[in-house]
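*Asks:* One structure is given below, represented as structure tokens, and several questions about it will come after.
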Amino acid sequence: IRCPWKVESICIAIVALFSANFAAIFATAFQSANDKQIWVEAPLAEVTFLTLQISAVYLPMPVSLWLTRWVISIGDNIAGLALCAILMLVSHCLVLTWEVMGCSHSSLDLMLLVSRLVAGLGSGVLFQSRFVLASLSTMDHHRALQARQLFAADFGLAFGTMLPWVATAFSGSQTQRPALCTSVVFATLSLFLLFWILICFPRNMHRLPDRIRFLAMLNDKGPQQNLSSMTSGIQQDANEDVEAQQSSEQTRLSWRCQLLLSGTTRVFVQSAVIMALALWMRGVGLTEGFVQTKAIGLVLLLPAPLEAWSSGALSPPSWCASLVAAIGKSDRVREVALLMVGAAMALWSISSLCGPVKDPVLSTGLAGMELTSLLLALALATPLNASRLYALKDAERATVLLEWLKAYIGRILGPLFAIIVQHWLGYGPLLMILSLATVLVAVTV
């Protein structure tokens, strides 16, 4: 049983828009950081404000979760989705008002922070969308649904990163204030999404029972084991039943920790990669004309098709269908992911032995290839791991915990960690740490 097409499309679209909204600040934040020279001097106050400005949409997540649940209790799931769209619309209307008033650059930075906190009150949609899709489909569709959400998030990151450049290019405005054109686009998209939700999303949604959603898993246990579980240990000795239950709980806890660690590490590495590439390009002098956001958008976009093809979320082209099908098998994912991490380290080792590259474009291309290899490895391993989260007994609680970890450790601490390590230790040690983190995700497959 698959989730209804309209529900799936709306949930995936809102995840993509929220991710795009998160990434749209990169152009303004990097421009401000380049002007203030904080990449070189790294004063604590400026770095902290930069990190807060980038990750502000995730800061109100606990409040957003409470607010989303309260709204859903009143108006069902449609109200929670509409809340997110309304908050994004209001946040960008605030920025538009501030830009039209012609306020100073410093006050605009403060207003951007406030507007992103307002949009962050809708971050509860990240929990809600996962829960809705998982509760309306059986487990044979969970991996594809999870991959579609990851693909939507990655595509949204790439789209949001490059949107200021595209919007200012089409409008012909100056690159000094990209927030105006970006907010116009996001306000329009948020309004369209709101109307789409109100028109197409069902007013009342009914979850599938767990015995239906995970029927295949129950069947895989065999009739004897199913009978044993249904009769609550009548055919087993009481001591054996207690030991088996304890062993099952330990296995479930270990599995849960692995899944949470895998999902959190993926977002941490992805966020650190974004900042690492921006720092590298600032170091070689490539900062003009949105070149940093163009490169970051490309690096974020390249792994998305592989992620979708290998997991079955999208059909690959005929010329590579057999190769993608072979890679997508669980026993091959780990091998290919580790191979990609090895390729990143080999490329860095060769470039280090050959000495520094004088051409800034070539050196940035090499760094981009190294970081993209890590994201490609994560794109293969993560959908397989994340889809298993729905099979846990406390899946809803585990999903909430995962989103919190991804937000506070991945999106907030990831960029800050990259700035500190690359400033004090250099790009090489940062790449090694990110490679080890990627290996950690790969071995949990």
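The values are calculated or read from the model by the stated rules, or taken from the named source; none is laboratory data. Worth saying up front: this structure is predicted, and the values here are computed from it rather than measured. Don't worry about glycine lacking a Cβ; one is built from the backbone with ideal geometry, like all the others, and counts go over all protein chains shown. Areas reflect the complete protein model, heavy atoms only, side chains present, ligands, DNA and RNA absent. Shrake-Rupley method; radii C 1.70, N 1.55, O 1.52, S 1.80 Å.
*Asks:* Criterion first (charged (D, E, K, R), out of contact with any helix residue (DSSP H, G or I) (no Cβ under 6 Å at 6 or more places or on another chain) and either in a helix (DSSP H, G or I) or open to solvent by less than 10 Å² (accessible area, probe 1.4 Å) (or both)) does Asp154 satisfy it?
*Replies:* On the way: charged (D, E, K, R): yes; out of contact with any helix residue (DSSP H, G or I) (no Cβ under 6 Å at 6 or more places or on another chain): no; either in a helix (DSSP H, G or I) or open to solvent by less than 10 Å² (accessible area, probe 1.4 Å) (or both): yes.
For Asp154, the condition - charged (D, E, K, R), out of contact with any helix residue (DSSP H, G or I) (no Cβ under 6 Å at 6 or more places or on another chain) and either in a helix (DSSP H, G or I) or open to solvent by less than 10 Å² (accessible area, probe 1.4 Å) (or both) - is not met.
*Asks:* Return yes or no: is Met162 at pLDDT 85 or above and either hydroxyl-bearing (Ser, Thr, Tyr) or within 17 Å of Thr182 (Cα to Cα) (or both)? I'd like the intermediate steps shown before the answer.
*Replies:* Values: at pLDDT 85 or above: yes; either hydroxyl-bearing (Ser, Thr, Tyr) or within 17 Å of Thr182 (Cα to Cα) (or both): yes.
Considered against the rule, which asks whether it is at pLDDT 85 or above and either hydroxyl-bearing (Ser, Thr, Tyr) or within 17 Å of Thr182 (Cα to Cα) (or both), Met162 comes out as yes.
*Asks:* Against the definition (modelled with pLDDT under 70 and part of a helix (DSSP H, G or I)), how does Ser247 come out, yes or no? Talk me through it step by step, then tell me what you get.
*Replies:* On the way: modelled with pLDDT under 70: yes; part of a helix (DSSP H, G or I): yes.
Here the answer is yes, as Ser247 does meet what is asked.
*Asks:* Something else about it: Test Ser9 against the criterion of being surrounded by fewer than 20 Cβ atoms within 10 Å (Cβ to Cβ), at pLDDT 90 or above and under 20 Å from the mean Cα position of the chain (by Cα), and give yes or no. Before the answer, list the steps.
*Replies:* Working: surrounded by fewer than 20 Cβ atoms within 10 Å (Cβ to Cβ): yes; at pLDDT 90 or above: yes; under 20 Å from the mean Cα position of the chain (by Cα): yes.
It is true that Ser9 is surrounded by fewer than 20 Cβ atoms within 10 Å (Cβ to Cβ), at pLDDT 90 or above and under 20 Å from the mean Cα position of the chain (by Cα).
*Asks:* To continue, here is another question. May I ask you to list the residues in the stretch 97-120 that are among the hydrophobic types (A, V, I, L, M, F, W, C) and surrounded by fewer than 22 Cβ atoms within 10 Å (Cβ to Cβ)? Talk me through it step by step, then tell me what you get.
*Replies:* So the first thing to find is which residues in the stretch 97-120 are among the hydrophobic types (A, V, I, L, M, F, W, C), and the list is 98, 100-101, 103, 108, 110-114, 117-119.
If the condition is that a residue be among the hydrophobic types (A, V, I, L, M, F, W, C) and surrounded by fewer than 22 Cβ atoms within 10 Å (Cβ to Cβ), then Trp98, Val100, Met101, Cys103, Leu108, Leu110, Met111, Leu113, Val114, Leu117, Val118 are the ones that fit.
*Asks:* Is it the case that some residue within the stretch 305-313 is crowded, with 18+ Cβ neighbours inside 10 Å, modelled with pLDDT of 80 or more, in a helix (DSSP H, G or I) and in contact with a helix residue (DSSP H, G or I) (Cβ under 9 Å, 6 or more places away or on another chain)?
*Replies:* No; the residues of the stretch 305-313 include none that is crowded, with 18+ Cβ neighbours inside 10 Å, modelled with pLDDT of 80 or more, in a helix (DSSP H, G or I) and in contact with a helix residue (DSSP H, G or I) (Cβ under 9 Å, 6 or more places away or on another chain).
*Asks:* Is one or more of the residues making up the stretch 75-82 open to solvent by 40 Å² or more (accessible area, probe 1.4 Å) and in a helix (DSSP H, G or I)? So that I can check it myself, show each step before the final result.
*Replies:* If we filter the stretch 75-82 for residues that are open to solvent by 40 Å² or more (accessible area, probe 1.4 Å), which is where we start, we get none.
The answer is no; no qualifying residue exists.
*Asks:* Identify all residues within the stretch 318-335 that are open to solvent by less than 30 Å² (accessible area, probe 1.4 Å), at pLDDT 60 or above and either closer than 14 Å to Ala381 by Cα or among the aromatic types (Phe, Trp, Tyr) (or both); write none if there are none.
*Replies:* Val333
*Asks:* Which one is nearest to Ser129 (Cα to Cα), of the residues in the stretch 413-430 that are under 20 Å from the mean Cα position of the chain (by Cα) and surrounded by 21 or more Cβ atoms within 10 Å (Cβ to Cβ)?
*Replies:* Here the residue is Gly414.
*Asks:* Quick check on this structure: which one of Val284, Val267, Val291 is among the β-branched types (Val, Ile, Thr), surrounded by fewer than 24 Cβ atoms within 10 Å (Cβ to Cβ) and free of Cβ contacts under 8 Å to residues at least 24 places away in the same chain?
*Replies:* Val291
*Asks:* Any residue in the stretch 418-444 that's free of Cβ contacts under 8 Å to residues at least 60 places away in the same chain and part of a helix (DSSP H, G or I): show its pairings with residues that are open to solvent by less than 20 Å² (accessible area, probe 1.4 Å) and not charged (D, E, K, R) at Cβ separation under 6 Å, as long as the two are six or more apart or on different chains.
*Replies:* Once the first residue is free of Cβ contacts under 8 Å to residues at least 60 places away in the same chain and part of a helix (DSSP H, G or I) and sits in the stretch 418-444, its partners that are open to solvent by less than 20 Å² (accessible area, probe 1.4 Å) and not charged (D, E, K, R) give Val421/Leu430.
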